[in-house]
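K.L.:
Okay, handing you the structure first.
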Amino acid sequence: AIDIAFVENSLRKSLVVDGFVVYVKGRFDRVDRLVNEETEAQLIIDYKTGTSPINSSYTIKKAQELVHDLLAADLDLAGLEILRKSISNMQLPCYLFLADQPALAEYQLITERNASQRFVPFITAKKSKNHSSQIQANLDASMQFAKEHLPVIMNYLSRHILSAHEFIPCQDQTICQY
């Protein structure tokens, strides 16, 4: 069963990097609650009126390669280029970070007439026999990504931001908007 959990909801989560608190915030278009006999999870949906910001779904193999490359990368533009080539848009990964529970994330192309191309999941597993087992396989892949790979990616991005010459951390959260 699918229930709408919320629409147009903002979330914020922090992570500590090199002694600094870095906040990540996002505004979800829609989050559904997926419930079956095996799993309860969230489906994070970001509506798009044009084309998908990603060319294809992400895989665990790509995530493993990215984490390997980021762990060896310097905090420079070359490191960011490694990230950009692997994940062209960080919106859905950031939403998975914010979800803080098992979740799938996808773009829904509302102007796409072909139903098979309307939904673009962020991460997919190998093809399964039926729809239900495919959803479970994708959820398992998404949970593995969120647990094993996403923390390394978010840490790298945060360290890169903190190391930028123009960045001055704000200590007073009452006046800092970002």
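K.L.:
Residue by residue through region 99-116, which ³J(HN,Hα) values in whole Hz follow from phi under the Karplus form 6.51 cos²θ - 1.76 cosθ + 1.60 (θ = phi - 60°), with glycine and proline marked x?
P.N.:
Karplus-based 3J(HN,Hα) across region 99-116 equals 4, 6, 6, x, 7, 10, 9, 8, 8, 10, 8, 6, 9, 6, 7, 7, 4, 6 Hz.
K.L.:
Quick check: Cα centre of region 36-108 to Cα centre of region 124-154, how many Å?
P.N.:
Their Cα centres are 11 Å away from one another.
K.L.:
Still on this structure, please answer the following. Taking amide H positions as placed 1.01 Å from N in the peptide plane, with prolines and chain starts having none, which residues 5 or more places from Gln42, or on another chain, fall under 5 Å of its amide H?
P.N.:
Hits under the 5 Å cutoff: Leu34, Ala103, Leu104.
K.L.:
Suppose all protein chains stay in the model; what accessible area per residue would a 1.4 Å probe give for region 50-89, in Å²?
P.N.:
Accessible area per residue: 62 Å².
K.L.:
To continue, here is another question. Looking only at GluC sites (Glu not before Pro) in DSSP loops with at most 15 other Cβ atoms within 10 Å, what is the longest site-free stretch of the chain?
P.N.:
My reading of the result: 39-165 is the longest stretch.
K.L.:
Can I ask one more? Express as a percent, rounded to the nearest 5, the fraction of DSSP beta bridges in region 1-140 (both residues included) that run antiparallel.
P.N.:
75
K.L.:
Hey, another quick one. In percent, what relative contact order does the chain have, based on Cα pairs under 8 Å that are 6 or more apart in sequence?
P.N.:
It comes to 22 percent, rounded to a whole number.
K.L.:
Only one of the values (i) 25, 20, 14; (ii) 29, 19, 16; (iii) 26, 25, 11 was calculated from this structure for semi-axes √(5λ) of the Cα gyration tensor in Å; name its label.
P.N.:
Only one option fits the structure, namely (ii).
K.L.:
Run the helix sum for the chain: -39,500 (n - 2.57) per DSSP H stretch of 4+ residues, divided by residue count, reported at 222 nm to the nearest 500 deg cm²/dmol.
P.N.:
-10500 deg cm²/dmol
K.L.:
For helix 77-86, report the angle its Cα long axis makes with the longest principal axis of the Cα atoms of the chain; keep it between 0 and 90° and round to the nearest 10°.
P.N.:
That works out to roughly 0 degrees.
K.L.:
Let me ask another. I want to verify a result. In a Gaussian network model of the chain, Cα cutoff 10 Å, which of these has the top mean-square fluctuation: Pro121, Pro102, Pro53?
P.N.:
Looking only at Pro121, Pro102, Pro53, the biggest GNM fluctuation is shown by Pro53.
K.L.:
Which cross-chain or sequence-distant (5 or more) residues have an amide H under 5 Å from the amide H of Phe122, H modelled 1.01 Å from N in plane?
P.N.:
The list, which skips near neighbours in sequence, is Ala105, Glu106, Tyr107.
K.L.:
Right, here's the next one. Provide the per-residue ³J(HN,Hα) series for region 68-74, in order, calculated from phi with Karplus coefficients 6.51, -1.76, 1.60 and θ = phi - 60°, each as a whole number of Hz, with x at glycine and proline positions.
P.N.:
4, 5, 5, 5, 9, 7, 7
K.L.:
Hey, which of these cross-link pairs are over 22 Å Cα-Cα: Lys62/Lys126; Lys13/Lys48; Lys61/Lys147?
P.N.:
Listed pairs above 22 Å: Lys13/Lys48.
K.L.:
Still on this structure: Can you compute the label reach from Asp29? Point 7 Å from Cα along the Cβ direction, backbone N cut-off under 17 Å, restricted to region 107-140.
P.N.:
It comes to 107-123, nothing else.
K.L.:
Give me the distance in nm between label points sitting 7 Å out from Cα along the Cα-to-Cβ direction at Asn9 and Lys129, one decimal.
P.N.:
3.5
The values are calculated or read from the model by the stated rules, or taken from the named source; none is laboratory data. Fair warning: this is a prediction, and the values are worked out from it, not measured in the lab. Reconstructed Cβ throughout: ideal geometry from the backbone, glycine too, with neighbour counts over all protein chains shown. The accessibility values were calculated without ligands, DNA or RNA, using every heavy atom of the protein model including side chains. Shrake-Rupley method; radii C 1.70, N 1.55, O 1.52, S 1.80 Å.
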